[in-house]
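Reading through the structure tokens given below for one structure.
The values are calculated or read from the model by the stated rules, or taken from the named source; none is laboratory data. No experiment lies behind these values; they were computed from the predicted model shown. With ideal geometry, Cβ positions are generated from the backbone for all residues, glycine too; neighbour counts draw on all protein chains shown.
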């Protein structure tokens, strides 16, 4: 069996030696800030560590896989806040009890189907459909729209149309939906974009596409990998199912602990507008810095026994969703999915058995880190 969540030591040695470690991405040397307090401080200091850098906030950079600036993430305040207000009502829907009930019913139906099978593949047959259908609910679209998204798999930028390197399936889908919404606006996410105003004008087509691009790319693989990591952990630790079953309220703290230990987004980029000394490393003007979420979330200065999975950990100041002005728009949605999944597994599943597993490995020039699974075949018993 592959290493459990507790054994992720990827950033422990460099974090113990120094606040920053230099890593190479796409032949670019980028210092990663490693310690919790330093990462938190940098995330809130957008003037020194700017997100106003189209295509360069993700690491590796994405000039070769998309054409539009992702909004609102690739902007700084005050524009960031103005852009964010346009779509925030959709991403706050998980706080509505009626919407939460929709997601709860979706998860219940998905689990019912999984338990009826002698085994199932938890990535393609469970996590991808669940994330996709939940997103359809969030965006105010028919659940059937998720069928097309499910076909994209875990990575939306990897599906090129007829081998055309200039357009992905998600590009074509967004264009189709924006065309439809412009002609017949309704109450869904795409219609809201076509009707929205920004600083006294309508959004440009690229701005609309930028919002939609982030919506489909930003929370896809992160939610999927968290779901499969939860399933694998509960299989490896059956006592955790009993712990959660004893008190449904425990799912709230448990979900936060899973986000901390999984840290499905290892890090994110920022650009220094001027030459900056980053804890002893000189970064030139327009040079990039990495905020190491995964490293910060294992920092013993912030988390006692950080490599233990404590489903009742409190306080839990993890930064799996970032911090400051750029705090993840999809955090409410991700939290709702994982909390409900934990509650319903605890209530309806007695045992999970892993039959086959292939971990998903994030590989760079300088490190490898396991995040979720490429393939995870399991059996769930009632």
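Take the conditions (1) closer than 22 Å to residue 371 by Cβ; (2) without any contact (Cβ under 8 Å) to a residue 12 or more places away in the chain; (3) not in a helix (DSSP H, G or I); residue 56 misses just one of them, which is (2).
How many residues, within region 356-382, are farther than 17 Å from residue 258 by Cβ and assigned to a strand (DSSP E or B)? Summing the residues that are farther than 17 Å from residue 258 by Cβ and assigned to a strand (DSSP E or B) in region 356-382 gives 13.
The condition of being more than 22 Å from residue 156 (Cα to Cα) and either at pLDDT below 95 or out of contact with any helix residue (DSSP H, G or I) (no Cβ under 6 Å at 6 or more places or on another chain) (or both) holds for only one of 58, 89, that being 89.
Number of residues in region 101-135 that are free of Cβ contacts under 8 Å to residues at least 12 places away in the same chain and buried (at least 16 other Cβ atoms within 10 Å of the Cβ) equals 1. When region 65-100 is filtered for residues that are part of a loop (DSSP other than H, G, I, E, B) and without any contact (Cβ under 8 Å) to a residue 12 or more places away in the chain, the ones remaining, listed by number, are 78, 96.
Applying the criterion of at least 1 residues that are touching a strand residue (DSSP E or B) at 6+ places or on another chain (Cβ under 9 Å), surrounded by fewer than 16 Cβ atoms within 10 Å (Cβ to Cβ) and modelled with pLDDT of 95 or more to the strands (runs of 3 or more DSSP E) found wholly in region 239-355 leaves 276-278, 281-283. Is it true that residue 178 is touching a helix residue (DSSP H, G or I) at 6+ places or on another chain (Cβ under 6 Å) and within 28 Å of residue 148 (Cα to Cα)? For residue 178, the condition - touching a helix residue (DSSP H, G or I) at 6+ places or on another chain (Cβ under 6 Å) and within 28 Å of residue 148 (Cα to Cα) - is met.
In region 315-325, is there at least one residue being over 28 Å from residue 71 (Cα atoms), in contact (Cβ under 8 Å) with a residue 40 or more places away in the chain and in contact with a helix residue (DSSP H, G or I) (Cβ under 6 Å, 6 or more places away or on another chain)? There is at least one residue in region 315-325 that is over 28 Å from residue 71 (Cα atoms), in contact (Cβ under 8 Å) with a residue 40 or more places away in the chain and in contact with a helix residue (DSSP H, G or I) (Cβ under 6 Å, 6 or more places away or on another chain).
Could you list all residues from region 17-48 that are assigned to a helix (DSSP H, G or I) and either farther than 15 Å from residue 367 by Cβ or in contact (Cβ under 8 Å) with a residue 60 or more places away in the chain (or both)? Talk me through it step by step, then tell me what you get.
First, the residues of region 17-48 that are assigned to a helix (DSSP H, G or I): 17, 36-44.
Matches in region 17-48: 36, 37, 38, 39, 40, 41, 42, 43, 44.
Within region 151-164, one or more residues are crowded, with 20+ Cβ neighbours inside 10 Å, in contact (Cβ under 8 Å) with a residue 24 or more places away in the chain and assigned to a helix (DSSP H, G or I).
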